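Structure, as structure tokens:
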Amino acid sequence: MTSHTGRPDTDARPWLDASLPVEQRVDHLMAAMTLAEKVAQTHQVANIHPDDDAEQIRAGRISSSLYASGATAGNERDEGVLVGNIDAAQRHAVEGSRLGIPILFGRDVIHGHRTVFPIPLGLAASFDPELLEEAAAIAAREAAVDGVAWTFTPMVDISEEPRWGRVAESLGETPVLSGRLAAALVRGFQGPDPSDRDRLASCAKHFVGYGLAAGGRDYDTVSVGENTLRNLHLRPFKDAVDAGVTTVMASFNDVDGTPMHAHERLIREVLKDEWGFDGVVVADWNGIGQIVFQGVAADRREAAKLAIHAGVDLDMVSASYLDHLEELVESGEVDVALVDDAVRRVLRLKFRLGLFEHPYATREGASNAPTPQTRSVARRAAHASHVLVKNDGVLPLGEDAGRVLLSGPFVDDGDALLGTWVLDGRGEEVATPGDALRERLGHRVTVADGRFPDVTLMQARAADTSVLLLGEHRSRSGEAQSVVDIGLPPGQLELVRAVAAYGKPLVAVVYTGRPLDLSEVLDLADAVVVVWHPGIEAGPALADVLLGDVEPYGRLPMTFPLSTGHIPTSTHQRPTGRLIRADVDRKEGRYIDALTYPRLPFGRGLSYTTVEYGEPKLSDATLVGDDSVALSVTVTNTGDRPCREVVQLYFRDPVAQVTRPLVELSDWAVVELEPGAARDVLFDVRAEQFAYYGRDLAARVDDGAIELLTGPDAASLQSVTLTIQTA
């Protein structure tokens with residue numbers, strides 16, 4: 001790859017000239033490639049080994065490798081990424097192959113690498129794009145030290161289905177929140193320049209509709225029309241594309257009968273042509289091969305044909321492209337232009353990442369172990385994942401709490417607190433709740449793992465205040481971890497009932513990867529905190545919140561239904577032919593045996609003070625053309641502690657060409673309020689915020705009334721009406 005001078009041989013290989021524009025370098029390389037070499041650039045393998053795969057690498061038959069323990073790696077550990085293996089494989093590719101094209105190495109770095117942050121759903125509870133961008137930058141730097149160049153996140157699937165285990169990886173149920181946070185993660189992972197050695201390529205997934213999998217069952221079918229996709233599920237993907245995401249992953253599901261890996265309309269026509277996405281569309285694990293299982297292709301040859309026509313550029317592990325694309329082109333069944341487009345995108349990504357200039361991973365003296373600085377960010381992120389959903393004055397714990405029992409399976413199990421999709425975090429590096437509360441409360445606290453409920457009851461009887469750490473193990477959420485019942489795991493609710501029967505203060509702390517049925521816990525406990533799976537600083541963050549050093553300021557990024565039978569329950573609900581009126585529906589409901597409203601609405605989150613909202617006011621009752629109006633709402637801290645309030649703006653479009661949500665998040669603002677302080681919170685309102693796709697699938701903004709609503713959550717809102725005049 002170098003001349004006798006030791007410099008890149010740019011005369012023989014002009015694509016090595018880093019001074020040339022990327023597209024020109026791609027042109028030079030494409031011109032030098034045979035059809036077989038092009039096809040090889042569409043082939044990704046798993047867990048490449050420099051010895052076993054040396055011949056294939058030197059023959060230029062491997063474009064990319066991901067490191068994963070298997071098809072469902074989120075809850076399966078592996079030996080980690082071995083930098084020496086990466087460099088040895090890269091040496092075969094760069095110095096031993098005809099064209100010297102480096103290999104692209106990917107790994108799931110979902111919510112941290114060695115420094116593990118809260119699960120994405122927990123990060124979403126922060127409503128803080130800057131925090132997510134900072135966390136992603138740390139994760140990118142740590143993973144890059146291990147030779148990783150590409151991560152398969154953010155996941156922006158919109159779902160109202162908590163039985164689906166993958167909601168843990170999501171950024172919430174609303175397009176606005178998910179889209180803004182996804183864009184922040186893209187910026188954090190990729191930075192201003194993805195070729196920076198401390199940055200990674202990111203990947204928006206799963207395109208598209210995966211959150212609608214039937215029954216919340218992973219990999220299942222999806223029945224949805226393009227209008228709903230455009231008005232809901234495609235929106236955060238568009239935000240990620242606009243933020244510069246370099247790759248997009250196709251989803252396992254079909255959409256109304258067409259497998260997404262074969263969906264030409266949505267991938268090639270919408271994502272690539274309409275949106276102008278010039279990055280790589282990667283298959284999910286064996287996604288092209290699975291077209292056969294879905295009954296749309298007779299074999300992998302036909303599956304390869306369907307996928308390349310649809311616009312899938314890189315085949316993850318199925319080898320369908322490697323085995324069949326060349327022959328499909330030669331037979332005339334696939335236009336070589338489709339292959340060229342896919343290869344151009346893969347090469348463009350490798351050039352953009354600087355792999356040709358820096359193919360090797362080893363950095364002398366580099367470390368990616370957690371540091372005080374990265375732990376500090378993880379601790380702030382964990383604070384933000386704590387959502388206080390009930391407090392009858394028990395929290396924060398003061399001297400009057402007396403003797404405290406801290407009990408439950410999470411007290412000293414660091415690994416369980418990391419959450420799903422943690423491949424490189426280490427349980428022994430987690431600061432646990434037990435250690436943190438022992439340090440803070442000393443002899444006042446009894447810490448027990450709760451293995452024996454009878455012992456826990458005796459300890460609770462002797463204590464003045466009980467703090468029970470409840471919830472689901474991290475392996476109960478994530479890929480292929482769907483459940484039929486979103487109640488607490490067996491035995492936990494019985495323990496809550498028994499401890500509550502003592503009539504002493506009871507705090508329930510819930511660690512989870514999904515919304516759970518907490519109805520009875522909310523009835524029995526004096527305080528309830530939803531923490532999600534909070535990561536490496538779980539213990540200190542919990543101690544900070546319980547003891548009042550930090551105000552709880554997380555907000556629920558998904559609705560919590562009354563029960564499993566109430567699913568789906570979310571802000572996606574649209575008007576039906578029978579009016580839903582609060583004064584009627586709360587009494588009678590749409591079920592004869594239960595009410596229908598959420599137990600905990602989207603956006604809910606309390607603090608240790610009280611906050612009052614004034615009525616929203618508009619600077620002008622009419623919004624004309626491209627102008628804007630200001631909406632203001634006065635928010636007052638009426639308590640005696642400072643707080644961080646997430647002021648939320650929603651809207652309702654009462655008359656549109658298609659049915660629109662009864663309430664939809666439009667914007668939010670975060671304000672810090674000292675005791676007694678009031679703040680006028682301003683929102684800039686523009687007509688484009690109310691745009692939607694009509695019956696003809698064209699974007700539109702209608703003239704007429706829009707109801708704007710402000711408040712602390714989706715169920716506690718005050719409204720004002722704005723009239724839109726588009727011209």
The range 662-727: trypsin sites (Lys or Arg not before Pro) in DSSP coil with no more than 16 other Cβ atoms inside 10 Å:
ARG695
Net charge around VAL633, counting only other residues with Cβ within less than 10 Å of its Cβ (Lys, Arg = +1; Asp, Glu = -1)?
0
Given a Förster distance of 56 Å, report the FRET efficiency between VAL655 and ASP323 from their Cβ-Cβ distance, rounded to the nearest 0.05.
0.55
Simple SL model, points at 7 angstrom along Cα→Cβ for TYR591 and ASP392; separation in nm is 2.5
Could you give each residue of the range 605-612 its phi-based ³J(HN,Hα) in whole Hz, using Karplus coefficients 6.51, -1.76, 1.60 with θ = phi - 60°, and x for Gly or Pro?
x, 9, 10, 8, 9, 10, 10, 10
Using only Cα atoms, tell me the angle between helix 22-32 and the longest principal axis of the chain; keep it within 0 to 90° and round to the nearest 10.
40
Exposure-ranked with fewest Cβ neighbours within 10 Å first, SER65, SER475 stand as SER475, SER65
Please report the spacing between the Cα centers of the range 587-624 and the range 283-328 in Å, no decimals.
47
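Counting pairs of Cα atoms in the chain, how many percent are more than 36 Å apart? Please list the in-between numbers first.
On the way: 116240 of 263901 pairs.
Percent of Cα pairs beyond 36 Å in the chain: 44.
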Measure nothing fancy, just the Cα-based angle from helix 83-96's long axis to the longest principal axis of the chain, in degrees from 0 to 90, nearest 10.
30
Taking the simple approach of a point 7 Å from Cα along Cα-to-Cβ for both ALA31 and MET458, what is their distance in nm?
8.4
Thinking of the range 608-725 as a set of Cα atoms, what percent of all their pairs are more than 19 Å apart?
48
If you average the C-alpha positions of the range 451-516 and of the range 553-577 separately, how far apart do those two centres end up, in angstrom?
23
For the range 344-490, Kirkwood radius (reciprocal of mean inverse C-alpha pair distance, Å):
19.1
Multiply the residue gap between GLU76 and ARG91 by 0.36 nm, knock off their C-alpha separation, and tell me the result in nm, one decimal place.
2.5 nm
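Ratio of Rg to Rh for the range 242-328, alpha carbon only, Kirkwood? If you can, show how the numbers build up before the last one.
Details: Rg = 12.2 Å, Rh = 12.7 Å.
Checking Rg against Rh, the ratio lands at 0.96.
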Rounded to the nearest 20 debye, dipole of the chain from Cβ charges on Lys, Arg, Asp, Glu:
700
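Would you mind ranking ASP400, ASP667 by Cβ crowding within 10 Å, fewest neighbours first?
On the way: ASP400 9, ASP667 18.
The order, fewest Cβ neighbours first, is ASP400, ASP667.
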State, to one decimal in nm, how far the label point of ALA59 lies from the label point of SER519, with both points 7 Å from Cα in the Cβ direction.
6.1
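Which shape class applies to the range 381-566: rounded if a/c is under 1.5, otherwise prolate when a/b exceeds b/c and oblate if not, where a ≥ b ≥ c are the square roots of the Cα gyration tensor eigenvalues?
Numbers: a/c = 1.43, a/b = 1.17, b/c = 1.22.
The shape class here is rounded.
Order these by the 10 Å Cβ neighbour count, fewest first: MET33, MET260. Write out the running numbers ahead of the final one.
Working: MET33 19, MET260 28.
Ranked by crowding around the Cβ, least crowded first: MET33, MET260.
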For helix 336-352, report the angle its Cα long axis makes with the longest principal axis of the Cα atoms of the chain; keep it between 0 and 90° and round to the nearest 10°.
70
Cα-centred dipole magnitude for the range 209-261, charges only on beta-carbon of K, R (+1) and D, E (-1), debye, nearest 20
120
When ranked by the protection proxy of mean other Cβ atoms within 10 Å per residue, highest first, what sequence do the peptides 569-577, 337-345, 75-83, 35-43 form?
35-43, 337-345, 569-577, 75-83
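Each reported figure results from applying straightforward, stated rules to the coordinates on display, with no laboratory input. Keep in mind that what you see is a predicted model, and the values were worked out from it rather than measured. Cβ coordinates were reconstructed from backbone atoms using ideal geometry, including for glycine residues, and neighbour counts include every protein chain displayed.
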